[in-house]
Each structure stands twice: as structure tokens, then as C-alpha cells.
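Presented below is the structure to which this report refers.
The values are calculated or read from the model by the stated rules, or taken from the named source; none is laboratory data. Everything numeric here is computed off the predicted structure, so don't read it as measured data. Cβ placement follows ideal geometry from the backbone for every residue including glycine, while neighbour counts extend to all protein chains displayed. Please note that ligands, DNA and RNA were not included when accessible areas were found on the heavy atoms of the full protein model with its side chains. Shrake-Rupley method; radii C 1.70, N 1.55, O 1.52, S 1.80 Å.
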Amino acid sequence: MGVDDEVPIDDKAKRMRDLLSSFYSPDPNSTSVPPNTSSRFATLDTINTTAFDADQYMNLLVQKSNLEGMLQRHVEMAAEIKNLDTDLQMLVYENYNKFVSATDTIKRMKNNIVGMETNMEQLLEKIMSVQSKSDGVNTSLFEKREHIEKLHRTRNLLRKVQFIYDLPARLAKCIKSEAYADAVKYYTGAIPIFKAYGDSSFQDCKRDSEEAIAVITTHLQGKVFSDSESIQARAEAVMLLKQLNFPVDNLKVQLFENLEQFLADLHLESKELPPASADQGNLPESATSAAHEASIREFSEAVRAYRVIFHDSEQQLSRLEQNIPKMHFEATQQHIKKQLASSDFVAMLRIIWTDVLLMDGVLPEAGLRDITMEAAHVAVKQYVASRFSHLLLDISGAVVKVGNQMEGIEEENSLQATLEASKKAVVQGSMDVLQDFRQLLDENLELLSKLRDLIIDWVQEGFQDFFRKLNDHFLLLSGKKYPAGQDLSFHEGIQRDKILPGLVLVLAQLSVFVEQNAIPRITEEIASSFSGGGSRGYENGPAFVPAEICRTFRAAGEKFLQHYINMRTQKISVVLNKRFTTPNWVKHKEPREVHMFVDLLLQELDSIIKEVKSMLPEGIQHKHRRSDSSGSTISSRSNPLRDDRMVRSNTQQARSQLLESHLAKLFKQKMEIFTKVEHTQESVITTIVKLCLKSLQEFVRLQTFNRSGFQQIQLDIHFLKTTLKDTADDEAAVDFLLDEVIVAAAERCLDPIPLEPSILDRLTQAKLAKAQEQSPTS
């Protein structure tokens, strides 16, 4: 027992099942090993097969096991043999019990069958008696039955003949009572007789019946084409015509042509429908909608009737119904090309969707829902793009007014009004566009609800693309970019050679406004009402990137401001060029007053200052006085070397003084003349003044002066120092550039002897007094 306990229960059960299976296997060769199997492939498991070889097994066991293993195997095999004997004994007992039970059952069946043979014999006798009596009855009634059947056949024949003679009268009664179904039934029943005897015995009946059927056929055709008849009655009329072998296909073609004409007339009327928000006078909007709904319902009932009448017409009707959304959206796209309000657009979509649902209930096989969704996808996307296009046109119109209102004049009020109008066009226009798009999302319309995520993505993508186009359009208006083919319509208002500096300044300020005010507000509105979307996919990134737009317009604002400065300085450079290229400086006369070009220069600067102050905000006041910097050492009032040089009269001494001034410049503190331009009045004005003075210096370096010409330049610069003192924010840099002009003139002078300070002051004061006298009169 100890050996048995050491063997796992699962292994014992498995071996038991294998043994019983091999014992009761119907195929004794299924578990056998082929006889030609080599002994080197034999294993210890072959003991359970029919091809077991005891000698080979013992040899293999001796080779693979030691003595202890063989003893262990002996114990295991003894236990297995004992278990198998026990199992076989139990199996024999169970089979014996089953055999005993089967024997008892057979005995009981034999006892129950003992009296059954007698009963079966009695039943057979009774059946034979009944059969003999039935044969006697049939024999006695045979002659009478034959006579009765003959009379019955004669009676039926007489009825048919009577029916044929009465058929014309019956058909007339049916026509009078409109019982066309009965008439067709009577006539189709008589057709076989008419085919057999219609040309002989029943010739008159056949003729009268055919005349009546012709009348019935005409009435049935009228029923088919009558809209007042019910669908069931029209379908029944077609079925009756088919029974009369009437060519129904012609009717089918005619009815379908009627449906096509009905649809064409219906949508010609719908294209003329005014938008939902249009002023229709005394005609209420509900009356128009009701008329359209009644028309589409009438068409749907006609389609339903056609389908009931002609059961194989689904494909033909599907093609016809698919034209409904197509024609609807063609009319809608024509309205979208104009500036269509969102309420009108939603009303049109609602009408389309209502019609589609009505027709889809009549013929779902047409797939109108899917077709309408695809068409609505295109139409809504086109509407979003159209709203952005019209917004761009509105902003362009507000900006282009600068060129129309300021042709030949430059008024700061006009510039300011144009800037405010442009700001309003950007912000209010964007808010109106968002309001229209928000209405699309808020509408409880299944057609728009399914497109909600797409609409959000289109709005965000639309704003991103809109501001990109707006920036390109600003570049076109400023002359910084040539128009492409699609931009020509936006660029017709302003010619490139007539671009006004005021327009460029307006664009600079408008770009700053877009960056600092418009984009944050639009971003807030989009975040609150147009968040979500996601149809683009996360791999494509967000559709609307405010930071990118802000960077674009920040750079555009700086570019426009620099362009404005360049345009203004170029205009002043033309005046300076004319001033220095016209006279002969080598033969210049002694200066008696400040030259008139200084007045022109100051007038031009004054107009620039007024224009800039009307458009740009004030910056932080931080004037750079001459005391703030040691950058200028050439001024006639502050440079002792120059003061000493002015009292000398010898030419050689004057040239020595000029050399000393250049040496002094080498040891002065380095001054930053040109800094980054900011969007403030002081920065722009100071930059323009610096560029003008730098241009003046360059023009001076291109000329050769005599003493009088040099003194004229000295007098003009001395006057400019007095008048430009409060104009520019960086006074030290302006004085430095003015001194540079005098130095450049001295370098290009044949006899650089300057005027005495007293003479400079006297001529300057005279010029200022003359200017004050002319100021009240002007």
C-alpha cells in the first residue's frame, strides 16, 4: 500500500484510462508500433502497446537503470498489476449486472406479447367484412353515379354557354357601376372560350365584349393618370390593365416623365425663394415655407404612388430623388457667393434637410441622407471660406479709403478716422463672423450637428489662413510685395507708384492693433465657443496658432514702420539732392541769409511730425541733451578749438584747426546714432531726423566748396541746430550729426574759413524774426 500511495492519483487515473482504451479499442493496430521500428528508437513506454517485446524491454531497462532503479521499477509494476487485476474484476462484475438486467427485460417482453396474436386475427376478420360490404354498395350504385356525373357535366356546360351570352350585359353593368375588377375577371374567364369558338358560335358575344373592354381600358388609363385617385386605386388599375394584356410600359414612361417635369418645376420655384431674413413685404415667411412644403409633399406622394404601381422602379426613382439635394445645394451655393447671413444659410439647410427626410421616408434605398451629408460638407465649408473672404474685403475697403480720401492732401484727422474704421472692421467684423459660425453650432439641426467638429476645425483653420492672407494683403497695399494672380482684385484700389506714406503708417499701427488687441480677443472667443474639433488629427497640430499670428503681425508692424521712415526720408533726400546738385559750389557767393531749402526741409519735417503725432502714441520722455554725452566736439558754441579757429583769419591756421577737431573726435566717447525704431512718436521722428541729417552729410561729401559755399553750409546748419533743438528726442545725436555735416563740408572746402559766431547769430536771429512775422499771416 505504501507503494501505491507514492504514485500520484492523476498518473494512476491516466494509466487506467489508457489501458481500458487500448483494451476496448476497435482498431488494435492504432496504438501498435510498426514491426520494422529499430530497437534503438524503443522506449520504456512501449510496454502499453500491442507490439511489446519483453526481451527488448528488459535490455533497455538494464541499460538505462541501475539496481536500485530496477528494484523500484519492480515494486511499481507489481502495484500496477495488482491495480489492473482489481479494475478488471470490477469491470467483469459491472458487465455481469448489465447482462442480468438485459435478460430480465427480454423475459418481460416475451410475457407481454403472448396474447397479441389473437387480437390481431380478430382485427383482420373485421377489416375483411367491412371491405366486402363496401364493394357491394359500390356495385349497386355504380350505374346511378355515372348518370349523375353526366348530368352534372351537362349542367356546367350550359352555365358556361349562358355566361358567354350574358357577358356583354354583365360588362355593361360593371362599367355603369365602375366595378372594373369584376369586369376584367369575367372577361379573362371567357377568353379561352372566345379563342376556341369566338369566330363561329359566339362571334357576336365576342365583338360586344371587346367593345366593352375597350371602354374599360380607357377608364382604367384615366384612373392611372388621375392625381385625385388614391394610390391603391391607381395601382389596382395598372394591375387590371396588365391582366388585359395592355402595354403598361408606355404608361410607366409617361408617368415618370410627369415626375421629372414635376421635380423641375418644383426646384425652379425653390430657387426663386427669398432668404429667410429677407423683407418679403406683406407675404409672411410661413406662407412661403408652407407652399414649398406642400409642393414637396405632393411630389413625395407622387413618387410613393409610382413605386406602389410599378414595383420594379426603385432604381429609377432613386436616381430621380438624388437630384433633389443636388439641385438644392446648387441654389445654395449661388447664394453663398453673395454675402449670405448665417440665419439665411441655416434656414436653407433646414428646408433641404426637411425635404430629404420626407423623401427618405418614401424611398430609403435612394440614400438621400448620405448624399445630403456629403453636399452639406462642401456647402458649409464653402460658406465658412466665403465669410472670411468677405471679411478680408471689408477690411481692405476700410484701409483703401486712405488712398481715395487723401489724394493730394494729408490730414491727420483723415488718417486717424481711417485707422479707427480699420480697427473696427477687424474686430467687429471678426466678432460678426464668429457670431455667424456660433449660430451654426447652436442650431438644433441634425445636418449641422454631425458636422460640428468639422465646423470648429474649419473656423480655426479659417482664422489662421485669414490672418495670413491679411498680412499678405497689407504687404501688397504698402508696396512691399507684388500681387499674385489671385490678389489682383484686392490690389486694384491703390497703384504701386501712388502709395501714400500715411497708408503705410496706418498699416503699421493696424498690425500692432491686430497683434495686441484683435488676436487676444479672437483667441478668447474661439476658446470659449469653438473648442474641441479634432478631425484634423493630433499629428497635424492645432489649427489656430495665435502665437504664430502675433509674431507675423509684430514683424509686419516693424516692417511697415521702417518702410514709412524710408519713404519719408527718400522724399526729403530728393529735396537735398536738388539743393546740392543745382548750384556751383565752387563759385558760390557770400551768404547773406539762411537758404530757402532749409524752409522746405523744415516744412517737410513739420508735416511728418503732425502725421506721426496723429497716429502714434507718446513714448517715455527721455531727451538726450548735449550735456548727457560727450559725443559732439565740433559745435561752434561748445568746442573751444572751433571758437579759437573762428577768430583766426589765416587759411593755414584754419586748416590746422580742422586737423585738431578730427584728432579730438578720435578720443570722444562713442555715440550710438541709430537705434531700434519703436512705435512711438519720439522714436519715429528722431529716426527720420537722423536719417535726413545723415543724407545731408553724404550729399555734402559729394561736392567741392569754396569759402562762401562752406560758410553757407555753416549758416544753414547753425539755423537747423536752433530749430531742431526740440524736434528730436535725442538732441545729442542730432547735434553730433549736424557737426558731422560741418566737418564734411570743411573737408571738401578749398578755403575752410568759417563765419564768426556773431555773424551766425545775427543771421539766424534775422531768419527767426522773419519766420515769426510770416507766421500770423500764414
* Structure fact -> Just one listed residue, out of Leu447, Leu476, Leu454, is touching a His at 6+ places or on another chain (Cβ under 6 Å), assigned to a helix (DSSP H, G or I) and modelled with pLDDT of 60 or more, and it is Leu476
* Structure fact -> Pairs returned, first residue in the range 611-622 that is under 14 Å from Ser414 (Cα atoms), second residue that is at pLDDT below 75 and loosely packed, with under 10 Cβ neighbours inside 10 Å, beta-carbon separation under 9 angstrom, 6 or more apart or interchain, are Ser614/Asn413
* Considering every residue within the range 175-187, establish whether at least one is surrounded by 14 or more Cβ atoms within 10 Å (Cβ to Cβ), within 21 Å of Leu241 (Cα to Cα), of a type in the set (A, V, I, L, M) and touching a residue at least 60 places away in the same chain (Cβ under 8 Å). => yes
* To do: Could you tell me whether the range 727-749 includes any residue that is without any contact (Cβ under 8 Å) to a residue 60 or more places away in the chain, open to solvent by 30 Å² or more (accessible area, probe 1.4 Å), in a helix (DSSP H, G or I) and in contact with a helix residue (DSSP H, G or I) (Cβ under 6 Å, 6 or more places away or on another chain)?
  => no
* Checking Leu340 against (1) part of a helix (DSSP H, G or I); (2) touching a residue at least 40 places away in the same chain (Cβ under 8 Å), the condition it does not meet -> (1)
* To do: Check Ala169 against each of (1) among the aliphatic types (A, V, I, L, M); (2) touching a helix residue (DSSP H, G or I) at 6+ places or on another chain (Cβ under 6 Å); (3) at pLDDT 75 or above and name the one condition it does not meet.
  => (2)
* Evaluate the following for Arg369: is it more than 30 Å from Val238 (Cα to Cα), open to solvent by 60 Å² or more (accessible area, probe 1.4 Å) and assigned to a helix (DSSP H, G or I)? => yes
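One line per residue, one yes/no per condition, for (1) within 30 Å of Asn245 (Cβ to Cβ); (2) surrounded by 10 or more Cβ atoms within 10 Å (Cβ to Cβ):
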position	(1), (2)
Glu117	no, no
Leu141	no, yes
Lys144	no, no
Lys160	yes, yes
Pro168	yes, yes
Ala196	yes, yes
Ser209	yes, yes
* Neighbours by Cβ (under 9 Å, 6+ apart or cross-chain): first from the range 73-100, surrounded by 10 or more Cβ atoms within 10 Å (Cβ to Cβ); second of a type in the set (S, T, N, Q) -> Arg73/Ser65
* Asked: Within the range 548-556, is there a residue that is surrounded by 12 or more Cβ atoms within 10 Å (Cβ to Cβ), modelled with pLDDT under 90 and not hydrophobic (A, V, I, L, M, F, W, C)?
  -> no
* List every residue pair whose Cβ atoms lie under 6 Å apart, where the two residues are 6 or more positions apart in sequence or sit on different chains, the first residue falls within the range 546-567 and is under 14 Å from Thr523 (Cβ atoms), and the second residue, located anywhere, is of a type in the set (D, E, K, R). => Cys550/Glu515; Phe553/Glu515
* Which of the residues spanning the range 687-720 are buried (at least 19 other Cβ atoms within 10 Å of the Cβ) and among the basic types (Lys, Arg)? -> Lys690
* To do: Specify the residue that is modelled with the lowest pLDDT; the eligible residues are those in the range 50-85 that are part of a helix (DSSP H, G or I) and of a type in the set (Gly, Ala, Ser).
  => Ala54
* Asked: Which of the residues that make up the range 444-478 are within 24 Å of Lys423 (Cβ to Cβ) and either open to solvent by 10 Å² or more (accessible area, probe 1.4 Å) or free of Cβ contacts under 8 Å to residues at least 24 places away in the same chain (or both)?
  -> Gln460, Gly462, Gln464, Asp465, Arg468, Lys469, Asn471, Asp472, Leu475, Leu476
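Take the conditions among the charged types (D, E, K, R), at pLDDT below 80 and open to solvent by less than 60 Å² (accessible area, probe 1.4 Å) and apply them to Glu314. Does it pass?
Spelling it out, Glu314 is indeed among the charged types (D, E, K, R), at pLDDT below 80 and open to solvent by less than 60 Å² (accessible area, probe 1.4 Å).
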* Name the pairs: first residue in the range 376-390 and closer than 17 Å to Gln435 by Cβ and modelled with pLDDT of 90 or more, second residue of a type in the set (D, E, K, R) and open to solvent by less than 20 Å² (accessible area, probe 1.4 Å), Cβ to Cβ under 7 Å, at least 6 apart or on different chains? -> none
* **Tabulated pairs, the range 684-710, first within 16 Å of Glu604 (Cβ to Cβ) and among the polar types (S, T, N, Q), second open to solvent by less than 10 Å² (accessible area, probe 1.4 Å) and assigned to a helix (DSSP H, G or I), C-beta under 8 angstrom, 6+ apart or interchain** => Thr686/Ala733; Thr686/Val734; Thr687/Ile565; Ser695/Ile572; Ser695/Leu576
* Structure fact -> Checked the range 343-362 for anything in contact (Cβ under 8 Å) with a residue 60 or more places away in the chain, buried (at least 18 other Cβ atoms within 10 Å of the Cβ) and of a type in the set (Val, Ile, Thr); matches are Val346, Ile351, Ile352, Val362
